[in-house]
Amino acid sequence: MEVIVRPITAKDKEQWTRLWKLYQAFYHVSLSDEIGDSTFTRCLDPDVKMWAALAISPITNEPIGMVNYFSHIQTWDVKDKILLNDLYVDEEARIKGAGKKLIQYVYDHADKLQTPHVYWNTDHFNHRAQLLYTKIGYKTDKVQYRRKGF
């Protein structure tokens, strides 16, 4: 299956939102519509270094996956980093290359921005995704801590 990945447009809000809600369900969270609306709007704003893209099925011409990512400054380099923040592919479309294409899209965009450092997080139990991640990236030794209550 030759999936096509393209940036979102304003017309994609309904489909992006569908995938956004499925992504939340996968992680057993429920974010407000305000957060979803804000994220979508930011991804379209040329003044914000946040983007989103959709993976389109060549069979149905419908979105089957999405990625949201953003650029940020850092203290250990003069170049920005890209955080691939959200990645989701419809259950029935997994293991067919859509996830890999979405990540490659982010890599390509990062290279165009001259910010080649791309990173992401996943849950320790998300073994299926990690099968892909170890093919196109590497696992670091970092352990994440968070402020209590958040």
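The values are calculated or read from the model by the stated rules, or taken from the named source; none is laboratory data. In this text, all values refer to a predicted model and were calculated from it rather than measured experimentally. As a convention, Cβ positions derive from the backbone with ideal geometry for all residues, glycine included, and neighbour counts pool all protein chains shown.
Descriptive notes on the structure:
- Hits in the stretch 5-29 - residues which are more than 13 Å from the chain's Cα centre (by Cα) and among the hydroxyl-bearing types (Ser, Thr, Tyr): Thr9, Thr17, Tyr27
- Within the stretch 10-34, the residues that satisfy the criterion of being over 14 Å from Leu44 (Cβ atoms) and among the basic types (Lys, Arg) are Arg18, Lys21.
- Residue identified as surrounded by 11 or more Cβ atoms within 10 Å (Cβ to Cβ), part of a loop (DSSP other than H, G, I, E, B) and touching a residue at least 60 places away in the same chain (Cβ under 8 Å) among Lys96, Lys79: Lys96
- Residue within the stretch 101-115 that is of a type in the set (S, T, N, Q) and outside any helix (DSSP H, G or I) present: yes
- Scanning the stretch 30-76 for residues that are surrounded by 14 or more Cβ atoms within 10 Å (Cβ to Cβ), more than 9 Å from the chain's Cα centre (by Cα) and among the polar types (S, T, N, Q) yields a count of 3.
- Residue match in the stretch 58-65 (condition: assigned to a loop (DSSP other than H, G, I, E, B), of a type outside the set (Val, Ile, Thr), modelled with pLDDT of 95 or more and touching a Leu at 6+ places or on another chain (Cβ under 9 Å)): no
- Residues that are polar (S, T, N, Q) and over 15 Å from Val3 (Cβ atoms), drawn from the stretch 84-136: Asn85, Gln114, Thr115, Asn121, Thr122, Asn126, Gln130, Thr134
- Only one of Lys148, Lys135 that is over 23 Å from Lys21 (Cα atoms), among the charged types (D, E, K, R) and in contact with a helix residue (DSSP H, G or I) (Cβ under 8 Å, 6 or more places away or on another chain): Lys135
- Complete set of residues in the stretch 38-87 that are out of contact with any helix residue (DSSP H, G or I) (no Cβ under 8 Å at 6 or more places or on another chain) and of a type in the set (Val, Ile, Thr): Thr41, Ile56, Ile59, Thr60, Ile73, Thr75, Val78
- Candidate set from the stretch 3-50 (those that are in contact (Cβ under 8 Å) with a residue 60 or more places away in the chain and part of a loop (DSSP other than H, G, I, E, B)); member that is farthest from Tyr88 (Cα to Cα): Val3
- Of all residue pairs spaced 6 or more apart or on separate chains, those with beta-carbon atoms under 8 Å, a first member in the stretch 116-136 that is assigned to a loop (DSSP other than H, G, I, E, B) and a second member that is surrounded by fewer than 13 Cβ atoms within 10 Å (Cβ to Cβ) and among the acidic types (Asp, Glu) are His117/Asp77.
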